[in-house]
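Worksheet: the structure to be examined is printed underneath.
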Amino acid sequence: MNYSNSNSNPIFRDIVLLIVRVFIGFAMLSHGFPKLQMLLEGGKIEFFDFLGLGPQISLILTILAEFVCSILLILGLFTRVSLGFLIFTMVIAVFVVHAGDPFDKRELALIYLSVYLLIMTFGAGKFSIDHMIEKRKRASDW
């Protein structure tokens, strides 16, 4: 019997990376968009001050990660930099914001963190703007 190994088929790996990037990016957007709306409403901001810079700055930094970096992740643009912000945000969520909570309150952030670490390890894949930029850079090098 011949079992196909995903390592022997790079196109399969790139398709899976694309699907995971798009899915996890849109999933995180659903967390970031309400925070963006909260900021734009202009009312009193009550948000966890994880860096001691005030709730408004903490909210803005979280929006940067959860909303802006998720869009960049979906596009595969500045993927590893974006993942750095997303990983930091999930570490704060798991080990600071929900540190005293039961596992079920931390579980979702841990799942996001795990997926982000996997994408960080394997990269954005062939179907990404990062790949197109790298391909163009290599073509222009003599």
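Could you go through region 71-93 and let me know if any residue there is closer than 20 Å to Ile15 by Cβ and among the small types (Gly, Ala, Ser).
yes
Being touching a Leu at 6+ places or on another chain (Cβ under 6 Å) and either over 22 Å from Leu64 (Cβ atoms) or at pLDDT below 90 (or both) narrows it down to one of Ile11, Ile45, Ile19, so name that one.
Result: Ile45 is the single residue among Ile11, Ile45, Ile19 that is touching a Leu at 6+ places or on another chain (Cβ under 6 Å) and either over 22 Å from Leu64 (Cβ atoms) or at pLDDT below 90 (or both).
Is it true that some residue in region 107-115 is modelled with pLDDT of 95 or more and among the acidic types (Asp, Glu)?
Yes, region 107-115 contains at least one residue that is modelled with pLDDT of 95 or more and among the acidic types (Asp, Glu).
Please verify whether Ala99 is within 20 Å of Gln37 (Cα to Cα) and among the small types (Gly, Ala, Ser), treating the condition exactly as stated.
The answer is no for Ala99.
Could you please tell me which pairs satisfy a Cβ distance under 6 Å, a separation of 6+ or placement on different chains, a first residue in region 53-67 that is without any contact (Cβ under 8 Å) to a residue 40 or more places away in the chain, and a second residue that is acidic (Asp, Glu) and open to solvent by 10 Å² or more (accessible area, probe 1.4 Å)?
Short answer, once both residue conditions are applied: Pro55/Asp49; Ser58/Asp49.
The values are calculated or read from the model by the stated rules, or taken from the named source; none is laboratory data. Just so you know, these numbers come straight off a predicted model, no measurement behind them. Every residue, glycine among them, receives a Cβ derived from its backbone with ideal geometry; neighbour counts consider all protein chains shown. Heavy atoms of the whole protein, side chains included, go into the accessibility calculation; ligands, DNA and RNA do not. Shrake-Rupley method; radii C 1.70, N 1.55, O 1.52, S 1.80 Å.
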